1. Express the relative contact order of the stretch 104-205 as a whole percentage, based on alpha carbon pairs under 8 Å and six or more residues apart in sequence.
2. If you build the Cα gyration tensor of the stretch 134-254 and take the root of 5 times each eigenvalue, what three semi-axes come out, in whole angstrom, biggest first?
3. Starting from the Cα gyration tensor of the chain, multiply each eigenvalue by 5, take the square root, and state the resulting semi-axes largest first in whole Å.
4. Can you give me the long-range amide H partners of Val30? Hydrogens built in the peptide plane at 1.01 Å from N, cutoff under 5 Å, separation of 5 or more residues or another chain.
5. Kirkwood hydrodynamic radius of the stretch 62-164 from all distinct Cα pairs, in Å?
6. Per DSSP H run of n ≥ 4, the term is -39500 (n - 2.57); total these for the chain, divide by its residue number, and report the mean residue ellipticity at 222 nm rounded to 500 deg cm²/dmol.
7. Going by amide H atoms built from the backbone, whose H comes under 5 Å of the H on Lys114, apart from near neighbours?
8. Step through the residues of the stretch 227-232 one at a time and calculate ³J(HN,Hα) from phi using the Karplus curve (6.51 cos²θ - 1.76 cosθ + 1.60, θ = phi - 60°), rounding each to whole Hz and writing x for Gly and Pro.
Amino acid sequence: MNTREEVAPAVQSILEAAEGRTGGDQPLSVTPRSLPDALAAAETDGRVPLIAEVKPTSPTTDGERTDDPVELAEAMVDGGAAALSVLTEPEHFGGAPETLEAVREAVDVPVLRKDFILREAQLDVVEADVALLIARFVDDLEELLAAARDRGFQVLVEAHTPEEVEAAIDAGATIVGVNNRDLGRLDVDLGTFERVADSIPATARESVTLIAESGITSRDDASRMRAAGADGLLVGSAIMDGDVRTNTERLTDV
């Protein structure tokens, strides 16, 4: 449902870079760790089900983390993260496929590949447990989602509006992320998740793992998203800004 009009200049630059990136030569075959199971296990264990993000930098943050990403990832897991997200976008986020590969080898939780994947060949860059597809930027979401699943990936389809969530579910998505950040203006509103979650029909909601993304900086924010129906929370900057284990513990502590 490609709708790239009126995105912020920083996002347009990311998309242009993504258009120019090639993919792998051969389709991957992945045996994934279950993200929904990991989130449910964290909840059963009395922790907030958190996907902690290894993000060296981004267009919306200041500075850059140069720590060993594997050590950061291990600290996040030690702090209670149920799963990890690893940036592989190089030009704007300082990510790399090799980073994800090293992190996934070092931890035993599901790892999401965070990138701007626009076409099928770009799935074949690195093995991950979960691939991210952003509904707004994919030409044929159903086709690309099926291609990812054929390789064994679980798929997190990111949306921002009720219409995008509906399109994601219609395409067959069972893990849906609602981004509180508007990629048109880059502003963040936690009310986005509340409004979008409330628009999902009960029959559809039963079959979807729902993730709240962006803008979650405190335990109060985490509680607010959970109360609105989030099965998991994806948090990057609030964890990377400071001691990652302490920040992870703060957000996963019920």
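1. 19 percent
2. For the stretch 134-254, the semi-axes come out at 25, 16, 14 Å.
3. On the way: eigenvalues 108, 94, 70 Å².
Equivalent ellipsoid semi-axes, largest first: 23, 22, 19 Å.
4. Those lying under 5 Å, H to H, from Val30 are Gly152, Phe153.
5. For the stretch 62-164, the Kirkwood estimate is 14.4 Å.
6. Rounded to the nearest 500, the figure is -10500 deg cm²/dmol.
7. So Lys114 has HN proximity to Val86, Leu87, Thr88.
8. Each residue's phi maps through the Karplus curve to give 5, 7, x, 6, 7, x Hz.
FYI, it's all coordinate maths here, none of it is from the lab. Treat the numbers as computed from the prediction; the structure is a model and nothing was measured. All Cβ positions, even for glycine, are placed from backbone atoms using ideal geometry, and neighbour counts span all protein chains on display.
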